[in-house]
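Q: Here it is, the structure, as C-alpha coordinates.
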Amino acid sequence: MGIVSPGFHGRRRPAVELPPGQYLTEDFPVLSAGPTPRVPLDRWRFTVTTETGEEHGWSWREFQALPAESVTTDIHCVTKWSKLGTHWRGVSLDTLLSDVDTAADFAVVHSYGGYTTNLPLEDLLDGRAWLAHRYEGEDLTPEHGGPVRLLVPHLYFWKSAKWVRGIRLVLEDEPGFWETLGYHEYGDPWREQRYQGD
Amino acid sequence: MAGTAVPGRLTWRVATLVDAVEETPTARTLVLEVPGWPGHLAGQHVDVRLTAEDGYRAQRSYSLAAPAKGDLVRITVQELADGEVSPYLVRGLSIGDPVELRGPVGGWFVWRPTDPSPVLLVAGGSGVVPLVAMVRARREAGVRTPFRLVYSVRSPGDRLYADELNRPEPGLDISYVYTRTTPEGWPAPPHRIGVPDVNSGGWPAEFEPACFVCGPTGFVEKVADILVALGHDPRRVRTERFGG
(Lines give C-alpha, C1' and ligand atoms only; values in the text may rest on other atoms or scores of the structure.)
Protein backbone atom coordinates (compact mmCIF):
# COMPACT_ATOMS: atom_id res chain seq x y z
CA MET A 1 0.00 0.00 0.00
CA GLY A 2 1.29 3.45 -0.85
CA ILE A 3 1.18 6.52 1.31
CA VAL A 4 -2.16 7.36 2.84
CA SER A 5 -3.75 10.67 1.89
CA PRO A 6 -5.16 12.11 5.13
CA GLY A 7 -8.89 12.62 4.95
CA PHE A 8 -9.35 10.94 1.58
CA HIS A 9 -12.12 8.36 1.69
CA GLY A 10 -13.05 7.81 -1.94
CA ARG A 11 -16.22 6.13 -3.01
CA ARG A 12 -17.45 2.80 -1.83
CA ARG A 13 -16.00 0.10 -4.03
CA PRO A 14 -18.29 -1.00 -6.82
CA ALA A 15 -19.72 -4.50 -6.44
CA VAL A 16 -17.92 -5.53 -9.63
CA GLU A 17 -14.22 -6.06 -9.88
CA LEU A 18 -12.42 -3.57 -12.09
CA PRO A 19 -8.83 -3.74 -13.34
CA PRO A 20 -6.43 -1.91 -11.01
CA GLY A 21 -6.57 1.88 -11.15
CA GLN A 22 -9.84 1.96 -13.12
CA TYR A 23 -13.10 3.65 -12.16
CA LEU A 24 -16.58 3.00 -13.44
CA THR A 25 -18.26 5.37 -15.86
CA GLU A 26 -21.76 5.35 -17.26
CA ASP A 27 -21.15 7.70 -20.18
CA PHE A 28 -18.80 6.97 -23.06
CA PRO A 29 -15.85 9.35 -23.07
CA VAL A 30 -14.18 10.05 -26.40
CA LEU A 31 -10.42 10.14 -26.67
CA SER A 32 -8.44 10.57 -29.82
CA ALA A 33 -5.38 12.45 -30.93
CA GLY A 34 -6.87 14.67 -33.61
CA PRO A 35 -9.99 15.57 -35.55
CA THR A 36 -12.57 12.90 -36.27
CA PRO A 37 -12.20 11.58 -39.83
CA ARG A 38 -15.45 11.20 -41.74
CA VAL A 39 -15.38 8.29 -44.14
CA PRO A 40 -18.13 8.04 -46.78
CA LEU A 41 -19.37 4.46 -47.04
CA ASP A 42 -18.96 4.33 -50.83
CA ARG A 43 -15.25 5.02 -50.34
CA TRP A 44 -14.80 2.86 -47.26
CA ARG A 45 -12.61 -0.19 -47.73
CA PHE A 46 -10.94 -2.59 -45.35
CA THR A 47 -7.84 -4.54 -46.29
CA VAL A 48 -5.69 -7.23 -44.75
CA THR A 49 -2.17 -7.27 -46.15
CA THR A 50 0.15 -10.15 -45.40
CA GLU A 51 3.90 -10.04 -44.90
CA THR A 52 4.34 -11.08 -48.53
CA GLY A 53 2.16 -8.21 -49.77
CA GLU A 54 -0.88 -10.33 -50.58
CA GLU A 55 -3.98 -8.17 -50.11
CA HIS A 56 -7.47 -9.17 -49.06
CA GLY A 57 -10.03 -6.39 -49.30
CA TRP A 58 -13.70 -5.73 -48.56
CA SER A 59 -15.91 -2.90 -49.74
CA TRP A 60 -18.69 -1.69 -47.45
CA ARG A 61 -21.19 -3.88 -49.30
CA GLU A 62 -18.93 -6.93 -49.04
CA PHE A 63 -18.25 -6.25 -45.37
CA GLN A 64 -21.99 -6.00 -44.67
CA ALA A 65 -22.47 -9.40 -46.29
CA LEU A 66 -20.13 -11.12 -43.83
CA PRO A 67 -21.65 -12.93 -40.84
CA ALA A 68 -21.88 -10.53 -37.89
CA GLU A 69 -21.94 -11.36 -34.19
CA SER A 70 -23.37 -9.59 -31.17
CA VAL A 71 -20.83 -8.95 -28.46
CA THR A 72 -21.47 -7.85 -24.87
CA THR A 73 -18.29 -6.86 -23.12
CA ASP A 74 -16.59 -4.59 -20.60
CA ILE A 75 -14.14 -2.02 -21.93
CA HIS A 76 -11.22 -0.34 -20.19
CA CYS A 77 -9.51 2.88 -21.25
CA VAL A 78 -5.93 3.66 -20.21
CA THR A 79 -7.22 7.08 -19.07
CA LYS A 80 -8.81 5.04 -16.26
CA TRP A 81 -12.48 4.75 -17.06
CA SER A 82 -14.10 1.37 -17.43
CA LYS A 83 -17.52 0.76 -18.88
CA LEU A 84 -19.37 -2.45 -18.22
CA GLY A 85 -21.72 -4.49 -20.36
CA THR A 86 -21.40 -2.56 -23.61
CA HIS A 87 -23.23 -4.02 -26.61
CA TRP A 88 -21.65 -4.20 -30.03
CA ARG A 89 -22.26 -5.86 -33.34
CA GLY A 90 -19.45 -6.70 -35.69
CA VAL A 91 -17.54 -9.20 -37.76
CA SER A 92 -15.11 -11.48 -35.97
CA LEU A 93 -11.49 -11.15 -37.06
CA ASP A 94 -11.56 -14.96 -37.28
CA THR A 95 -13.91 -14.50 -40.24
CA LEU A 96 -11.79 -11.83 -41.89
CA LEU A 97 -8.54 -13.72 -41.42
CA SER A 98 -9.86 -17.21 -42.22
CA ASP A 99 -8.59 -17.22 -45.82
CA VAL A 100 -5.39 -15.33 -45.08
CA ASP A 101 -2.21 -17.35 -45.36
CA THR A 102 0.42 -15.85 -43.09
CA ALA A 103 3.39 -16.71 -40.93
CA ALA A 104 3.26 -13.32 -39.20
CA ASP A 105 3.11 -13.04 -35.43
CA PHE A 106 2.19 -9.36 -35.30
CA ALA A 107 -0.46 -7.03 -36.68
CA VAL A 108 -0.28 -3.29 -37.31
CA VAL A 109 -3.72 -1.75 -37.46
CA HIS A 110 -4.15 1.33 -39.69
CA SER A 111 -6.91 3.91 -39.44
CA TYR A 112 -8.35 6.63 -41.62
CA GLY A 113 -6.67 9.75 -40.25
CA GLY A 114 -3.30 8.03 -39.92
CA TYR A 115 -3.56 6.39 -36.50
CA THR A 116 -1.83 3.06 -35.99
CA THR A 117 -1.62 0.50 -33.21
CA ASN A 118 0.16 -2.83 -32.95
CA LEU A 119 -0.72 -6.07 -31.28
CA PRO A 120 0.19 -9.73 -31.46
CA LEU A 121 -1.82 -11.46 -34.18
CA GLU A 122 -3.01 -14.09 -31.72
CA ASP A 123 -4.83 -11.36 -29.79
CA LEU A 124 -7.03 -10.80 -32.83
CA LEU A 125 -7.99 -14.48 -33.15
CA ASP A 126 -10.09 -17.08 -31.34
CA GLY A 127 -13.12 -14.89 -30.80
CA ARG A 128 -11.26 -12.07 -29.07
CA ALA A 129 -11.53 -9.30 -31.66
CA TRP A 130 -14.13 -7.84 -34.00
CA LEU A 131 -14.61 -5.12 -36.56
CA ALA A 132 -17.57 -3.39 -34.96
CA HIS A 133 -20.03 -1.25 -36.87
CA ARG A 134 -22.92 -1.04 -34.38
CA TYR A 135 -22.94 0.13 -30.77
CA GLU A 136 -25.95 -0.17 -28.45
CA GLY A 137 -28.22 -0.96 -31.36
CA GLU A 138 -27.21 2.03 -33.48
CA ASP A 139 -24.73 2.57 -36.27
CA LEU A 140 -21.36 3.47 -34.78
CA THR A 141 -21.05 7.27 -34.76
CA PRO A 142 -17.92 8.94 -36.17
CA GLU A 143 -16.66 10.17 -32.78
CA HIS A 144 -16.67 6.59 -31.51
CA GLY A 145 -14.86 5.34 -34.60
CA GLY A 146 -17.65 4.84 -37.13
CA PRO A 147 -18.27 3.55 -39.64
CA VAL A 148 -16.09 0.69 -38.33
CA ARG A 149 -13.72 0.34 -35.43
CA LEU A 150 -11.65 -2.51 -34.11
CA LEU A 151 -12.90 -4.01 -30.85
CA VAL A 152 -10.32 -5.86 -28.74
CA PRO A 153 -11.90 -5.64 -25.30
CA HIS A 154 -9.26 -7.63 -23.40
CA LEU A 155 -6.69 -4.86 -24.00
CA TYR A 156 -6.77 -1.16 -23.12
CA PHE A 157 -9.08 0.57 -25.54
CA TRP A 158 -6.42 2.48 -27.49
CA LYS A 159 -5.76 -0.90 -29.16
CA SER A 160 -9.37 -0.88 -30.39
CA ALA A 161 -8.51 1.51 -33.20
CA LYS A 162 -11.26 3.79 -34.48
CA TRP A 163 -11.97 4.44 -38.20
CA VAL A 164 -10.09 1.28 -39.05
CA ARG A 165 -9.08 0.80 -42.68
CA GLY A 166 -6.71 -2.11 -42.65
CA ILE A 167 -4.45 -4.55 -40.90
CA ARG A 168 -0.91 -5.24 -41.98
CA LEU A 169 0.56 -8.55 -40.87
CA VAL A 170 4.27 -8.37 -40.07
CA LEU A 171 6.95 -10.76 -38.90
CA GLU A 172 8.56 -8.21 -36.57
CA ASP A 173 6.58 -6.12 -34.10
CA GLU A 174 6.24 -2.42 -35.06
CA PRO A 175 5.12 -0.02 -32.35
CA GLY A 176 2.10 2.08 -33.34
CA PHE A 177 1.11 5.67 -32.55
CA TRP A 178 0.72 5.64 -28.77
CA GLU A 179 3.24 2.83 -28.39
CA THR A 180 5.98 5.11 -29.75
CA LEU A 181 4.79 7.92 -27.44
CA GLY A 182 5.40 6.21 -24.15
CA TYR A 183 2.49 3.82 -23.84
CA HIS A 184 2.85 0.09 -23.21
CA GLU A 185 3.52 -2.32 -26.07
CA TYR A 186 0.79 -4.75 -25.05
CA GLY A 187 -1.67 -2.97 -22.74
CA ASP A 188 -3.27 -5.60 -20.52
CA PRO A 189 -5.62 -3.72 -18.15
CA TRP A 190 -5.56 -6.49 -15.55
CA ARG A 191 -1.77 -6.19 -15.31
CA GLU A 192 -2.09 -2.39 -15.49
CA GLN A 193 0.25 -2.11 -18.47
CA ARG A 194 -0.33 1.58 -19.12
CA TYR A 195 3.06 2.99 -19.93
CA GLN A 196 6.37 1.68 -21.23
CA GLY A 197 7.98 -0.56 -18.65
CA ASP A 198 4.81 -1.20 -16.62
CA MET B 1 8.01 0.85 -4.58
CA ALA B 2 7.23 4.52 -4.27
CA GLY B 3 10.25 6.80 -4.25
CA THR B 4 12.53 4.37 -6.03
CA ALA B 5 12.74 5.55 -9.60
CA VAL B 6 13.66 2.79 -12.00
CA PRO B 7 15.11 4.11 -15.27
CA GLY B 8 12.77 3.62 -18.22
CA ARG B 9 9.82 3.02 -15.99
CA LEU B 10 7.27 5.48 -14.68
CA THR B 11 7.32 4.86 -10.98
CA TRP B 12 5.04 6.33 -8.38
CA ARG B 13 6.72 9.13 -6.49
CA VAL B 14 5.64 10.79 -3.31
CA ALA B 15 4.78 14.44 -3.92
CA THR B 16 4.22 16.98 -1.16
CA LEU B 17 1.91 19.96 -1.44
CA VAL B 18 4.10 23.00 -0.78
CA ASP B 19 1.85 25.78 -2.05
CA ALA B 20 -1.62 26.27 -3.45
CA VAL B 21 -3.32 29.03 -5.43
CA GLU B 22 -7.09 29.51 -5.50
CA GLU B 23 -7.73 30.19 -9.19
CA THR B 24 -11.52 30.38 -9.01
CA PRO B 25 -13.99 29.28 -6.30
CA THR B 26 -13.87 25.77 -7.81
CA ALA B 27 -10.32 25.45 -9.13
CA ARG B 28 -7.03 25.30 -7.36
CA THR B 29 -3.44 25.11 -8.52
CA LEU B 30 -1.35 22.70 -6.50
CA VAL B 31 2.37 23.28 -6.30
CA LEU B 32 3.88 19.89 -5.59
CA GLU B 33 7.43 19.07 -4.64
CA VAL B 34 8.50 15.84 -6.29
CA PRO B 35 12.06 14.84 -5.39
CA GLY B 36 13.99 13.73 -8.47
CA TRP B 37 11.43 15.05 -10.97
CA PRO B 38 12.90 14.44 -14.46
CA GLY B 39 11.32 17.50 -16.11
CA HIS B 40 8.53 17.57 -18.68
CA LEU B 41 7.20 19.17 -21.85
CA ALA B 42 4.32 21.63 -21.99
CA GLY B 43 1.12 19.67 -22.60
CA GLN B 44 2.10 16.54 -20.73
CA HIS B 45 0.11 15.23 -17.79
CA VAL B 46 0.64 13.28 -14.59
CA ASP B 47 -1.29 10.54 -12.89
CA VAL B 48 -2.25 11.28 -9.29
CA ARG B 49 -3.06 8.44 -6.90
CA LEU B 50 -4.85 8.78 -3.60
CA THR B 51 -5.00 6.06 -0.99
CA ALA B 52 -7.58 6.05 1.81
CA GLU B 53 -6.84 4.72 5.27
CA ASP B 54 -8.59 1.44 4.45
CA GLY B 55 -6.37 0.96 1.40
CA TYR B 56 -8.96 2.12 -1.18
CA ARG B 57 -7.25 3.81 -4.08
CA ALA B 58 -8.24 6.15 -6.87
CA GLN B 59 -6.16 7.53 -9.74
CA ARG B 60 -6.81 10.38 -12.14
CA SER B 61 -4.83 12.26 -14.78
CA TYR B 62 -4.17 16.00 -14.54
CA SER B 63 -2.42 18.27 -16.99
CA LEU B 64 0.77 19.95 -15.87
CA ALA B 65 0.09 23.68 -15.74
CA ALA B 66 3.62 25.05 -16.07
CA PRO B 67 7.19 24.08 -16.88
CA ALA B 68 8.95 22.40 -13.97
CA LYS B 69 11.06 24.47 -11.59
CA GLY B 70 13.53 21.93 -10.34
CA ASP B 71 11.51 19.49 -8.27
CA LEU B 72 8.39 21.69 -8.25
CA VAL B 73 5.50 20.90 -10.55
CA ARG B 74 2.09 22.56 -10.86
CA ILE B 75 -1.26 21.06 -11.68
CA THR B 76 -4.55 22.94 -11.77
CA VAL B 77 -7.56 20.94 -10.68
CA GLN B 78 -11.12 21.92 -11.53
CA GLU B 79 -13.58 20.52 -9.01
CA LEU B 80 -16.24 18.30 -10.55
CA ALA B 81 -19.59 18.37 -8.76
CA ASP B 82 -19.83 14.57 -8.57
CA GLY B 83 -16.07 14.01 -8.53
CA GLU B 84 -14.30 11.48 -6.38
CA VAL B 85 -10.76 12.85 -6.51
CA SER B 86 -11.06 16.49 -7.59
CA PRO B 87 -13.03 17.74 -4.52
CA TYR B 88 -10.30 16.30 -2.31
CA LEU B 89 -7.51 17.93 -4.31
CA VAL B 90 -9.31 21.30 -4.44
CA ARG B 91 -10.55 21.44 -0.85
CA GLY B 92 -9.12 18.56 1.18
CA LEU B 93 -5.40 18.45 0.52
CA SER B 94 -3.43 20.73 2.88
CA ILE B 95 0.07 22.16 2.70
CA GLY B 96 2.49 19.42 3.76
CA ASP B 97 0.16 16.58 2.76
CA PRO B 98 1.49 13.86 0.47
CA VAL B 99 -0.02 12.42 -2.69
CA GLU B 100 1.43 9.89 -5.07
CA LEU B 101 2.20 10.99 -8.56
CA ARG B 102 3.77 9.55 -11.67
CA GLY B 103 4.74 11.01 -14.96
CA PRO B 104 5.28 12.90 -17.11
CA VAL B 105 2.92 11.11 -19.46
CA GLY B 106 2.03 11.76 -23.09
CA GLY B 107 4.28 12.66 -25.98
CA TRP B 108 1.73 13.83 -28.56
CA PHE B 109 -0.15 16.80 -27.14
CA VAL B 110 3.08 18.70 -26.49
CA TRP B 111 4.65 21.94 -27.66
CA ARG B 112 8.40 22.37 -27.93
CA PRO B 113 9.88 25.90 -27.93
CA THR B 114 12.16 24.82 -30.81
CA ASP B 115 9.13 24.51 -33.13
CA PRO B 116 8.96 27.78 -35.12
CA SER B 117 5.38 27.29 -36.43
CA PRO B 118 2.75 29.74 -35.22
CA VAL B 119 0.60 28.21 -32.51
CA LEU B 120 -3.16 28.23 -32.12
CA LEU B 121 -4.50 27.20 -28.74
CA VAL B 122 -8.23 26.62 -28.34
CA ALA B 123 -9.41 25.96 -24.80
CA GLY B 124 -12.78 24.97 -23.41
CA GLY B 125 -13.08 25.52 -19.65
CA SER B 126 -10.33 23.80 -17.68
CA GLY B 127 -8.92 22.60 -21.01
CA VAL B 128 -6.89 25.80 -20.78
CA VAL B 129 -4.49 24.18 -18.28
CA PRO B 130 -2.10 22.37 -20.67
CA LEU B 131 -2.40 25.28 -23.13
CA VAL B 132 -1.31 27.82 -20.53
CA ALA B 133 1.60 25.49 -19.80
CA MET B 134 2.57 26.10 -23.45
CA VAL B 135 2.19 29.88 -23.04
CA ARG B 136 4.40 29.73 -19.97
CA ALA B 137 6.96 27.51 -21.70
CA ARG B 138 7.12 30.06 -24.54
CA ARG B 139 7.68 32.87 -22.05
CA GLU B 140 10.37 30.97 -20.13
CA ALA B 141 12.19 29.95 -23.30
CA GLY B 142 12.20 33.60 -24.43
CA VAL B 143 11.13 32.68 -27.96
CA ARG B 144 8.99 34.86 -30.22
CA THR B 145 6.81 32.13 -31.69
CA PRO B 146 3.46 33.82 -32.43
CA PHE B 147 0.71 32.41 -30.22
CA ARG B 148 -3.03 32.86 -30.31
CA LEU B 149 -5.34 31.56 -27.62
CA VAL B 150 -9.10 31.28 -28.02
CA TYR B 151 -10.53 30.61 -24.58
CA SER B 152 -14.15 29.56 -24.19
CA VAL B 153 -15.48 29.82 -20.67
CA ARG B 154 -18.87 30.09 -18.99
CA SER B 155 -18.45 33.47 -17.37
CA PRO B 156 -15.69 35.98 -16.57
CA GLY B 157 -15.38 34.53 -13.04
CA ASP B 158 -14.62 31.08 -14.44
CA ARG B 159 -11.47 32.20 -16.24
CA LEU B 160 -8.38 30.42 -14.95
CA TYR B 161 -5.16 32.43 -14.65
CA ALA B 162 -7.16 35.61 -15.32
CA ASP B 163 -4.60 38.09 -13.95
CA GLU B 164 -1.71 36.49 -15.78
CA LEU B 165 -3.58 36.33 -19.08
CA ASN B 166 -4.75 39.95 -18.70
CA ARG B 167 -1.17 41.18 -18.75
CA PRO B 168 -0.15 42.14 -22.29
CA GLU B 169 2.45 39.82 -23.71
CA PRO B 170 4.12 40.52 -27.09
CA GLY B 171 3.27 37.85 -29.62
CA LEU B 172 0.40 36.38 -27.61
CA ASP B 173 -3.15 37.31 -28.65
CA ILE B 174 -6.06 36.09 -26.57
CA SER B 175 -9.73 36.12 -27.45
CA TYR B 176 -12.58 34.97 -25.23
CA VAL B 177 -15.85 33.24 -25.93
CA TYR B 178 -18.39 33.39 -23.10
CA THR B 179 -21.04 30.69 -23.10
CA ARG B 180 -23.28 31.85 -20.20
CA THR B 181 -22.42 35.34 -18.93
CA THR B 182 -20.36 38.04 -20.59
CA PRO B 183 -18.50 40.95 -18.97
CA GLU B 184 -20.26 44.33 -18.93
CA GLY B 185 -20.37 45.90 -22.35
CA TRP B 186 -19.05 42.79 -24.13
CA PRO B 187 -19.82 43.08 -27.84
CA ALA B 188 -21.20 39.56 -28.34
CA PRO B 189 -24.01 37.75 -26.50
CA PRO B 190 -23.17 34.47 -24.74
CA HIS B 191 -22.76 31.68 -27.26
CA ARG B 192 -20.99 28.42 -27.91
CA ILE B 193 -17.82 28.61 -29.96
CA GLY B 194 -18.40 28.71 -33.72
CA VAL B 195 -16.67 29.24 -37.03
CA PRO B 196 -16.34 33.05 -36.64
CA ASP B 197 -14.67 32.70 -33.23
CA VAL B 198 -12.13 30.15 -34.46
CA ASN B 199 -11.62 32.01 -37.71
CA SER B 200 -11.06 35.47 -36.26
CA GLY B 201 -9.21 34.31 -33.15
CA GLY B 202 -6.99 31.85 -34.99
CA TRP B 203 -4.52 31.78 -37.84
CA PRO B 204 -5.28 31.31 -41.52
CA ALA B 205 -4.70 27.70 -42.53
CA GLU B 206 -2.01 28.77 -45.02
CA PHE B 207 0.14 29.91 -42.10
CA GLU B 208 0.29 26.21 -41.18
CA PRO B 209 -0.01 26.74 -37.45
CA ALA B 210 0.32 23.97 -34.91
CA CYS B 211 -3.17 23.72 -33.40
CA PHE B 212 -3.84 22.43 -29.91
CA VAL B 213 -7.45 21.97 -28.82
CA CYS B 214 -8.36 20.92 -25.29
CA GLY B 215 -11.64 20.77 -23.45
CA PRO B 216 -14.76 18.65 -23.03
CA THR B 217 -15.50 16.15 -25.78
CA GLY B 218 -18.28 18.08 -27.53
CA PHE B 219 -16.17 21.23 -27.56
CA VAL B 220 -13.12 19.50 -28.96
CA GLU B 221 -15.16 17.67 -31.62
CA LYS B 222 -16.70 20.93 -32.75
CA VAL B 223 -13.48 22.97 -32.81
CA ALA B 224 -11.51 20.23 -34.56
CA ASP B 225 -14.23 19.95 -37.21
CA ILE B 226 -14.20 23.74 -37.67
CA LEU B 227 -10.42 23.80 -38.08
CA VAL B 228 -10.55 21.05 -40.69
CA ALA B 229 -13.40 22.87 -42.49
CA LEU B 230 -11.31 26.05 -42.46
CA GLY B 231 -8.61 24.18 -44.33
CA HIS B 232 -6.21 23.19 -41.58
CA ASP B 233 -4.33 19.96 -42.19
CA PRO B 234 -5.86 17.41 -39.75
CA ARG B 235 -2.34 16.23 -38.97
CA ARG B 236 -1.58 19.66 -37.50
CA VAL B 237 -4.61 19.61 -35.21
CA ARG B 238 -3.82 17.93 -31.92
CA THR B 239 -6.62 17.29 -29.50
CA GLU B 240 -6.98 16.39 -25.88
CA ARG B 241 -10.47 15.55 -24.68
CA PHE B 242 -11.53 15.71 -21.08
CA GLY B 243 -14.03 12.86 -20.61
CA GLY B 244 -17.80 13.17 -20.68
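Q: Over chain A, calculate the relative contact order: mean separation of alpha carbon pairs under 8 Å at least 6 apart, over the residue count, as a percent.
A: Result for chain A is 23 percent.
Q: Now for a different question. Evaluate the relative contact order of region B:12-105 (contact order divided by residue number), counting alpha-carbon pairs under 8 angstrom at least 6 apart; express in whole percent.
A: 38
Q: Computed FRET efficiency, Cβ-Cβ of residue A:9 and residue A:41, R0 41 Å: what is it to the nearest 0.05?
A: E between residue A:9 and residue A:41, to the nearest 0.05, is 0.25.
Q: Any idea what the relative contact order of chain B is, in percent, if you count C-alpha pairs under 8 Å spaced at least 6 apart?
A: Relative contact order, chain B: 17 percent.
Q: Next up: List residues of region B:18-35, by number, whose backbone nitrogen lies under 13 Å from a label position 7 Å along Cα→C-beta of residue B:163.
A: Answer for region B:18-35: B:21-24.
Q: What is the Cα centroid distance between region B:47-118 and region A:170-198, reported in whole angstrom?
A: If you average the Cα positions of each part, the centres end up 23 Å apart.
Q: Also: Positive end of the dipole of region B:153-210, charges at C-beta (+1 Lys, Arg; -1 Asp, Glu), about the Cα centre: which of B:209, B:170, B:196 has its Cα farthest in that direction?
A: B:196
Q: Counting partner chain Cβ atoms within 10 Å of every residue's Cβ in B:213-226, what's the average?
A: 3
Q: Determine the calculated [θ] at 222 nm for chain B from helices alone, applying -39500 (n - 2.57) to every DSSP H run no shorter than 4 residues and normalising by the residue count; nearest 500 deg cm²/dmol.
A: -4500 deg cm²/dmol
Q: Which sequence of B:147, B:207 reflects their accessible areas, 1.4 Å probe, from the largest down?
A: B:207, B:147
Q: If you take the beta carbon distance between residue B:112 and residue A:122 as r and set R0 to 56 Å, what does 1/(1 + (r/R0)^6) give as a FRET efficiency, to the nearest 0.05?
A: Calculated transfer efficiency: 0.90.
Q: Now a separate question. On full extension of the chain, what length is gained from residue A:180 through residue A:95, given 0.36 nm per residue of separation minus the C-alpha to C-alpha distance?
A: Working: separation 85, 0.36 × 85 = 30.60 nm, distance 2.98 nm.
Contour length minus Cα-Cα distance gives 27.6 nm.
Q: Please list, or write none, the lysines whose alpha carbon is within less than 20 Å of the alpha carbon of residue A:83, excluding same-chain residues fewer than 8 places away.
A: A:159, A:162
Q: Moving on. Percent of Cα-Cα pairs per 5 Å bin, from 0 to the last occupied bin, for region B:119-242, please list those.
A: Taking all Cα pairs of region B:119-242, the binned fractions are 2, 11, 23, 26, 21, 13, 5, 0 percent.
Q: Would you kindly calculate the translational diffusion coefficient of chain B, applying Stokes-Einstein with the Kirkwood radius from alpha carbon pairs, for 20 °C and a viscosity of 1.002 mPa s, and quote it in µm² s⁻¹ without decimals?
A: Taking Rh from Cα pairs, D becomes 115 µm²/s.
Q: Which percent of the accessible area of chain A is formed by carbon and sulfur heavy atoms (probe 1.4 angstrom)?
A: The computed percentage sits at 49.
Q: Same structure, new question: When Rg is the radius of gyration of the Cα atoms in chain A and Rh is its Kirkwood radius, what does Rg/Rh come to? Could you put the intermediate results ahead of the total?
A: Working: Rg = 17.4 Å, Rh = 17.6 Å.
Over the Cα atoms of chain A, Rg/Rh equals 0.99.
Q: Right, something else. Using a simple charge model, +1 on the beta-carbon of Lys and Arg, -1 on the beta-carbon of Asp and Glu, nothing else, what dipole does chain B show about its Cα centre, in debye to the nearest 20?
A: I would put it at about 440 debye.
Q: Taking the Cα centre of the protein assembly as shown as the origin and placing charges on Cβ (Lys, Arg +1; Asp, Glu -1), which of A:25, A:151, A:92 is farthest toward the positive end of the dipole?
A: Result: A:25.
Q: Let me ask something else. Going by accessible area, probe 1.4 Å, with all protein chains left in place, what is the ranking of B:46, A:16, largest first?
A: From most accessible down to least: A:16, B:46.
Q: If I take R0 = 41 Å and measure r between the Cβ atoms of residue B:186 and residue A:16 in this structure, what FRET efficiency does the formula 1/(1 + (r/R0)^6) give, to the nearest 0.05?
A: Once the sixth-power term is evaluated, E becomes 0.30.
Q: Need one value for B:52-65: mean number of C-beta atoms belonging to other chains within 10 Å of its residues' C-beta atoms.
A: Per residue, the number of nearby Cβ atoms from other chains is 4 on average.
Q: Let me ask something additional. Might you work out the accessible area of residue A:139 for me, using a 1.4 Å probe with all protein chains in place, and round it to the nearest 10 Å²?
A: Using a 1.4 Å probe on the heavy atoms, I get roughly 100 Å².
Q: Can you pull the one-decimal nm distance between simple spin-label points at residue A:61 and residue A:190, each 7 Å off the Cα toward Cβ?
A: Result: 4.3 nm between the two label points.
Q: Which semi-axis lengths, in whole Å and largest first, follow from the square roots of five times the eigenvalues of the Cα gyration tensor of region B:80-176?
A: Gyration-tensor ellipsoid for region B:80-176: 27, 18, 13 Å.
Q: Express in Å², to the nearest 10, the accessible area of residue B:174 obtained by rolling a 1.4 Å probe over the protein heavy atoms while all chains stay in place.
A: Its heavy atoms expose roughly 50 Å² to the probe.
Q: To continue, here is another question. Give me the distance in nm between label points sitting 7 Å out from Cα along the Cα-to-Cβ direction at residue A:25 and residue B:53, one decimal.
A: A separation of 3.2 nm, rounded to one decimal place.
Q: Dipole of the protein assembly as shown, Cα-centred, from +1 at each Lys and Arg C-beta and -1 at each Asp and Glu C-beta, to the nearest 20 debye?
A: 1160
Q: Consider all pairwise Cα distances in the protein assembly as shown and report the whole-number % of them above 28 Å.
A: Every Cα pair in the protein assembly as shown considered, those over 28 Å come to 52 percent.
Q: Note the buried accessible area between B and A here, summed over both chains, with a 1.4 Å probe, in Å² to the nearest 100.
A: On the way: alone 12070 and 10780 Å², together 19440 Å².
The B and A chains share an interface burying roughly 3400 Å².
Q: Here's something else I'd like to know. Nearest 20 debye, what's the magnitude of the dipole of region A:51-117 about its Cα centre given +1 on Lys and Arg Cβ and -1 on Asp and Glu Cβ? Mind showing how you got there, number by number?
A: Details: 4 positive and 10 negative charges, 127 e Å.
The calculation lands at about 620 debye.
The values are calculated or read from the model by the stated rules, or taken from the named source; none is laboratory data. Note that this is a predicted model, so its numbers are computed, not measured. With ideal geometry, Cβ positions are generated from the backbone for all residues, glycine too; neighbour counts draw on all protein chains shown. The accessibility values were calculated without ligands, DNA or RNA, using every heavy atom of the protein model including side chains. Shrake-Rupley method; radii C 1.70, N 1.55, O 1.52, S 1.80 Å.
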